[in-house]
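> Starting off with a structure, shown below.
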Amino acid sequence: MQLEQQVALVTGASRGIGKSIAETLAQAGAVVIGTATSESGAGAISDYLSAYGGQGRVLDVTDDDSVQQLVTGLKEASGLPQILVNNAGITEDKLLMRMSATDWQRVLDTNLSAIYRMSKAFIRGMMKTRNGRIINIGSVIGSMGNAGQSNYAAAKAGLIGFSKALAQEVGARGITVNVVAPGYIQTDMTADLPEDQKTALLDKIPLQKLGETDDIARAVLFLAAESGRYITGETLHVNGGMYMA
Amino acid sequence: MSDIENKVKEIVVEQLDLDVSASELNNSASFVDDLGADSLDTVELVMALEEEFECEIPEEDAEKITTVQQAIDYVTANV
Ligand SMILES: NC(=O)c1ccc[n+]([C@@H]2O[C@H](COP(=O)([O-])OP(=O)(O)OC[C@H]3O[C@@H](n4cnc5c(N)ncnc54)[C@H](OP(=O)(O)O)[C@@H]3O)[C@@H](O)[C@H]2O)c1
């Protein structure tokens, strides 16, 4: 199998895209650690991953102590991951004129600073083994912008620059850093879109449908497996054609 | 050679993948200028020292460790 004997860590694996990524990497043979913000969420992850030798863990990506606890915990259990998928993310949509400093900060912290925190915590293990894949989940909004999402767009654009810089720092150690940028995917995050907005959206998508979480998971697997070994600093857009880079 | 000196040199030889043995390593050798290390190598070297001697070397101090002797001195003084 493609990812046999590899440990993969997927943040935000309780639902949506992260869950699909965790399942896909596990099916490809990886020991997958999936994270959720609550004990019950972590338990639910263990339920679907244990058949593959993986498990759920509690993690708040905005909290340094929580990240450190995870590092320590994994060292003792599965071992440190060679594959890190930074998927956890939130939105807090508002027009800038109505956006509070908290709305801004929370989104930047969860979607961007968390990637700094997680990459720094886990890259050490990858440096040692001279082998690693960091895959950051961005968004088409990071490239296109979108009214009401200045905080989210800034964070998602920011992680592209981060990934390019880090890719240059650690390339010599056999570590790749890439972004997978989903378009509109059917998850909790997009479930609240009003019907008229959805229709307007479909008009702009050449493939004329929302994406499925599995579409993103396949792209992540492509980058995590041997197939992605010569790709680094790249952003892979998976959006049905709504934005062509 | 003291234990610390010996251990530090072993780590340097291993981390920088040098073709000399620890005992042949010159104390005044600079990691970058004499031993061919790049910036990432020096970061990894400090990480390896931290691990071996179970200590945390703050960034300000790490920057000042540029030769074999400085590494030995630092570990001797701080561990
Ligand atoms: N859905 C889309 O159309 C779309 C489009 C472009 C990009 N994306 C990106 O894809 C990623 C996943 O999106 P999704 O739609 O699957 O989201 P989702 O269904 O809302 O799930 C979000 C996940 O992130 C976790 N999470 C939230 N805050 C966290 C924190 N502080 N620490 C740790 N984990 C946290 C959640 O954990 P809990 O369950 O414990 O709350 C959950 O597992 C995000 O980065 C998102 O920006 C999604």
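> List pairs: first in region A:87-100 and of a type in the set (Val, Ile, Thr), second in a helix (DSSP H, G or I) and open to solvent by 50 Å² or more (accessible area, probe 1.4 Å), Cβ under 8 Å, 6+ apart or cross-chain?
Once the first residue is of a type in the set (Val, Ile, Thr) and sits in region A:87-100, its partners that are in a helix (DSSP H, G or I) and open to solvent by 50 Å² or more (accessible area, probe 1.4 Å) give A:Ile90/A:Arg106; A:Thr91/A:Met189.
> Kindly indicate which of A:Ser46, A:Ser78, A:Ser40 is within 11 Å of the ligand (Cβ to nearest atom), out of contact with any His (no Cβ under 9 Å at 6 or more places or on another chain) and small (Gly, Ala, Ser).
Exactly one of A:Ser46, A:Ser78, A:Ser40 is within 11 Å of the ligand (Cβ to nearest atom), out of contact with any His (no Cβ under 9 Å at 6 or more places or on another chain) and small (Gly, Ala, Ser), namely A:Ser40.
> Something else now. For region A:101-123, how many residues meet the condition of being away from the ligand (no atom under 13 Å from the Cβ), open to solvent by 30 Å² or more (accessible area, probe 1.4 Å), under 30 Å from A:Gln5 (Cβ atoms) and touching a residue at least 40 places away in the same chain (Cβ under 8 Å)?
Qualifying residue count, region A:101-123: 1.
> Scan region A:194-224 residue by residue and report those that are in contact with a helix residue (DSSP H, G or I) (Cβ under 9 Å, 6 or more places away or on another chain) and either aromatic (Phe, Trp, Tyr) or part of a loop (DSSP other than H, G, I, E, B) (or both).
Of everything in region A:194-224, those that are in contact with a helix residue (DSSP H, G or I) (Cβ under 9 Å, 6 or more places away or on another chain) and either aromatic (Phe, Trp, Tyr) or part of a loop (DSSP other than H, G, I, E, B) (or both) turn out to be A:Gln208, A:Lys209, A:Leu210, A:Glu212, A:Phe222.
Here's the yes/no breakdown for (1) open to solvent by less than 70 Å² (accessible area, probe 1.4 Å); (2) away from every other protein chain (no Cβ under 13 Å):
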{"site": "B:Asp41", "(1), (2)": "yes, no"}
{"site": "B:Glu51", "(1), (2)": "no, no"}
{"site": "B:Glu54", "(1), (2)": "no, yes"}
{"site": "B:Asp61", "(1), (2)": "yes, yes"}
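> Still on this structure, please answer the following. Show the residue pairs meeting these rules: Cβ distance below 6 Å; 6+ apart or different chains; first residue within region A:6-20 and near the ligand (Cβ under 8 Å from one of its atoms) and open to solvent by less than 10 Å² (accessible area, probe 1.4 Å); second residue assigned to a loop (DSSP other than H, G, I, E, B) and modelled with pLDDT of 95 or more.
A:Thr11/A:Val61; A:Thr11/A:Asn87; A:Thr11/A:Ala88; A:Gly18/A:Gly12; A:Gly18/A:Asn87
> Next question. What is the number of the single condition among (1) of a type outside the set (A, V, I, L, M); (2) at pLDDT below 95; (3) surrounded by fewer than 18 Cβ atoms within 10 Å (Cβ to Cβ) that A:Ser78 does not meet?
Failing condition for A:Ser78: (3).
> Of the numbered conditions (1) buried (at least 21 other Cβ atoms within 10 Å of the Cβ); (2) within 22 Å of A:Ala217 (Cα to Cα), A:Val58 fails exactly one; give the number of that condition.
Failing condition for A:Val58: (1).
> Does region B:1-34 hold any residues that are open to solvent by less than 50 Å² (accessible area, probe 1.4 Å) and either at positive phi or aromatic (Phe, Trp, Tyr) (or both), and which are they?
Of everything in region B:1-34, just one residue is open to solvent by less than 50 Å² (accessible area, probe 1.4 Å) and either at positive phi or aromatic (Phe, Trp, Tyr) (or both), namely B:Phe31.
> Ok, one more. If you scan region A:147-194, which residues turn out to be of a type in the set (A, V, I, L, M), under 29 Å from A:Leu207 (Cα atoms) and away from the ligand (no atom under 14 Å from the Cβ)?
Taking region A:147-194 and keeping what is of a type in the set (A, V, I, L, M), we get A:147, A:153-155, A:157, A:159-160, A:165-167, A:170, A:172, A:175, A:177, A:179-181, A:185, A:189, A:191, A:193.
This time we only want the ones that are under 29 Å from A:Leu207 (Cα atoms), so: A:147, A:153-155, A:157, A:159-160, A:177, A:179-181, A:185, A:189, A:191, A:193.
Listed by number, the residues that qualify are A:Ala147, A:Val177.
> Still on this structure: Tell me which residues, restricted to region A:21-55, are within 21 Å of A:Glu226 (Cβ to Cβ) and in contact with an Asp or Glu (Cβ under 6 Å, 6 or more places away or on another chain).
A:Gly29
> Check A:Asn136 against each of (1) polar (S, T, N, Q); (2) closer than 20 Å to A:Tyr243 by Cα; (3) surrounded by fewer than 23 Cβ atoms within 10 Å (Cβ to Cβ) and name the one condition it does not meet.
(3)
> Now, a different point. Out of A:Ala165, A:Ala147, report the one residue that is open to solvent by 40 Å² or more (accessible area, probe 1.4 Å), within 14 Å of chain B (Cβ to nearest Cβ) and modelled with pLDDT of 95 or more.
A:Ala165
> So which residues in region B:1-50 are under 10 Å from the mean Cα position of the chain (by Cα), polar (S, T, N, Q) and in a helix (DSSP H, G or I)?
Listed by number, the residues that qualify are B:Gln15, B:Thr42.
> Among the listed residues A:Ile185, A:Ile205, A:Ile175, A:Ile216, which satisfies the condition of being over 19 Å from A:Ile90 (Cβ atoms), open to solvent by less than 50 Å² (accessible area, probe 1.4 Å) and more than 14 Å from every other protein chain (Cβ to nearest Cβ)?
Matching residue, one of A:Ile185, A:Ile205, A:Ile175, A:Ile216: A:Ile205.
> Considering each residue of region A:62-75, count those that are more than 10 Å from the ligand (Cβ to nearest atom), open to solvent by 30 Å² or more (accessible area, probe 1.4 Å), touching a residue at least 12 places away in the same chain (Cβ under 8 Å) and more than 14 Å from chain B (Cβ to nearest Cβ), and give that number.
1
The values are calculated or read from the model by the stated rules, or taken from the named source; none is laboratory data. This one's a predicted model, so the numbers in the text were calculated from it and none came from an experiment. Counting neighbours? That spans all protein chains shown, and the Cβs are built from the backbone with ideal geometry, glycine included. Side chains included, ligands, DNA and RNA excluded: accessible areas come from the protein's heavy atoms. Shrake-Rupley method; radii C 1.70, N 1.55, O 1.52, S 1.80 Å.
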